[in-house]
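To keep things clear, I will list the structure first and then write my remarks on it.
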Amino acid sequence: MRKIIISGCCGHMGRVVADICANDPDIETAAGIDLLAQPMEGFPVFPTPAACTVEADAVIDFSHPAALGPLLELCAARRLPVVLATTGYSEEQLEQVRQAAQSIPIFRSANMSLGINVLMDLVRRAAALLGEDFDIEIEERHHRRKLDAPSGTALMLAEAAAGALPYEPSLVYDRHSVRRPRDRREIGMSSLRGGTIVGDHTVVFAGRDEVIELTHRAASREVFAAGAVKAAKFLAGVDAPGLYDMSHLIAR
């Protein structure tokens, strides 16, 4: 049985992860970490990573970008593999992740859904086949509480498309102040926030007299939480330091 520490256990996603672990005979939630430190059923909750002294096999993080530094310090000090499912990291923080991955296994993905990762593969193929003949636009929709925009998943999809194109595209996030025709070598990014939308992503390939749309819709947060738990199981069995993602899990 694998023992897991949940960082951000009192948040929406943290609670879903805890519920999944409670019903998985192969997983035990050893502890939680959350600034709120609200009592949780079945495991102790610590207010900071430094305060957590419980032994575990891996950490799942669904917290906030501001929690990254202390969490990486804990994991590096105790050689704990960590699944980073939080989004909105700065470039400086991503460099922290790369540095930490030299000493511990780190699984990082802006979206833990298997379906999204299949979508990424389809986007790569479409971009490679359609090339410069189709304009690419990405629209993402999330609930009103989401902090970052565009979403980390939308940026992953843009990166997947860009890597398959025969040119280096520029990302355009806001056309409100830009009064000019759309450049052929752009990837447009649009964000919508409202209600309780879990996460919708659509990649539009718009050509002459035809449009191709590739869409993924998440019906519940359990999709992402379940993927994070699978990633933690995978990472708990990894010995080599490094950066891992869903492609490693799928290829296993």
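The values are calculated or read from the model by the stated rules, or taken from the named source; none is laboratory data. Predicted model only: the values in this text are computed from it and were never measured. We place every Cβ from the backbone using ideal geometry, glycine too, and count neighbours over all the protein chains shown. All accessible areas refer to the heavy atoms of the entire protein, side chains included, with ligands and DNA or RNA removed. Shrake-Rupley method; radii C 1.70, N 1.55, O 1.52, S 1.80 Å.
Give me the pairs: first residue in segment 77-95 and open to solvent by 80 Å² or more (accessible area, probe 1.4 Å), second residue not acidic (Asp, Glu), beta-carbon distance under 8 Å, and six or more apart or on different chains, which are they?
Matching pairs, first to second residue: 79/103; 79/104.
Inspect segment 55-75 for any residue being farther than 29 Å from residue 198 by Cβ, open to solvent by less than 30 Å² (accessible area, probe 1.4 Å) and of a type outside the set (Phe, Trp, Tyr) and give the result as yes or no.
yes
Take segment 138-162 and flag every residue that is crowded, with 19+ Cβ neighbours inside 10 Å and among the acidic types (Asp, Glu).
Of everything in segment 138-162, just one residue is crowded, with 19+ Cβ neighbours inside 10 Å and among the acidic types (Asp, Glu), namely 140.
Could you please find all residues in segment 173-204 being farther than 29 Å from residue 145 by Cα and either within 17 Å of the chain's Cα centre (by Cα) or open to solvent by less than 80 Å² (accessible area, probe 1.4 Å) (or both)?
182, 183
Give 163, 207 a once-over and let me know the one that is touching an Asp or Glu at 6+ places or on another chain (Cβ under 6 Å), modelled with pLDDT of 95 or more and of a type in the set (Gly, Ala, Ser).
From the options 163, 207, the qualifying one is 207.
Give me the residue from segment 23-36 that is surrounded by fewer than 19 Cβ atoms within 10 Å (Cβ to Cβ) and within 12 Å of residue 8 (Cβ to Cβ) and, out of that set, modelled with the lowest pLDDT.
Applying the filter and picking the extreme gives 36.
From (1) at pLDDT 95 or above; (2) open to solvent by less than 80 Å² (accessible area, probe 1.4 Å), pick out the condition that doesn't hold for residue 129.
(2)
Do the conditions hold for residue 109, that is, is it open to solvent by 30 Å² or more (accessible area, probe 1.4 Å) and under 30 Å from residue 187 (Cβ atoms)?
no
Is segment 54-77 home to any residue that is modelled with pLDDT of 95 or more, more than 24 Å from residue 220 (Cβ to Cβ) and in contact with a Cys (Cβ under 9 Å, 6 or more places away or on another chain)?
Yes - at least one qualifying residue is present in segment 54-77.
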